[in-house]
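These notes concern the structure reproduced below.
The values are calculated or read from the model by the stated rules, or taken from the named source; none is laboratory data. As the structure is a prediction and not an experimental result, all values here were calculated from the model. Neighbour counts are summed over all protein chains in view; Cβ atoms, including those assigned to glycine, are modelled from backbone coordinates with ideal geometry. Keep in mind that these areas ignore ligands, DNA and RNA; they rest on the heavy atoms of the full protein, side chains included. Shrake-Rupley method; radii C 1.70, N 1.55, O 1.52, S 1.80 Å.
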Amino acid sequence: MEINTLNPEFVWTSSRDEEFQDSVFYSLIIDTPEPGITTYYSELDTFFLITEPLPDNSVIYWRVFAEDIEGLQTLNQGGYQSFCTNTTNETPS
């Protein structure tokens, strides 16, 4: 998939914890060519808007993990997801 923005909004399905009144917190992991792996904490939200631009003309990998208050974690199904950034059409070299 190719997107034409460097500040995408990531959205994922909520996770639930079977324990009574246990909150689930989310972390978004993004892997880019530079600077590499970055983790963003979205707390209780199931979305996160990137405010610092991602690199253009790059493949971006991302995944989410959910964590309860006891520190137990679950990673998203399917492993890393990916997309390409391309905001302008460059001339061939």
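Observations on the model:
- Residue in the stretch 55-74 that is touching a residue at least 60 places away in the same chain (Cβ under 8 Å) and on the phi < 0 side of the Ramachandran plot present: no
- Asp45 over 19 Å from Cys84 (Cβ atoms), out of contact with any Phe, Trp or Tyr (no Cβ under 6 Å at 6 or more places or on another chain), free of Cβ contacts under 8 Å to residues at least 60 places away in the same chain and among the acidic types (Asp, Glu): yes
- Hits in the stretch 34-46 (condition: outside any strand (DSSP E or B) and surrounded by 11 or more Cβ atoms within 10 Å (Cβ to Cβ)): Asp45, Thr46
- Odd one out for Leu49, checked against (1) surrounded by 13 or more Cβ atoms within 10 Å (Cβ to Cβ); (2) under 16 Å from Tyr26 (Cβ atoms): (1)
- Looking only at the stretch 7-25, and only at residues there that are open to solvent by 100 Å² or more (accessible area, probe 1.4 Å), more than 24 Å from Ile50 (Cα to Cα) and charged (D, E, K, R), the one that is modelled with the highest pLDDT: Arg16
- Among the residues examined, Asp31 qualifies as open to solvent by less than 80 Å² (accessible area, probe 1.4 Å), among the charged types (D, E, K, R), out of contact with any Lys or Arg (no Cβ under 8 Å at 6 or more places or on another chain) and touching a residue at least 24 places away in the same chain (Cβ under 8 Å).
- The single residue among Leu54, Leu49, Leu72, Leu44 that is closer than 30 Å to Phe20 by Cβ, within 15 Å of the chain's Cα centre (by Cα) and aliphatic (A, V, I, L, M) turns out to be Leu44.
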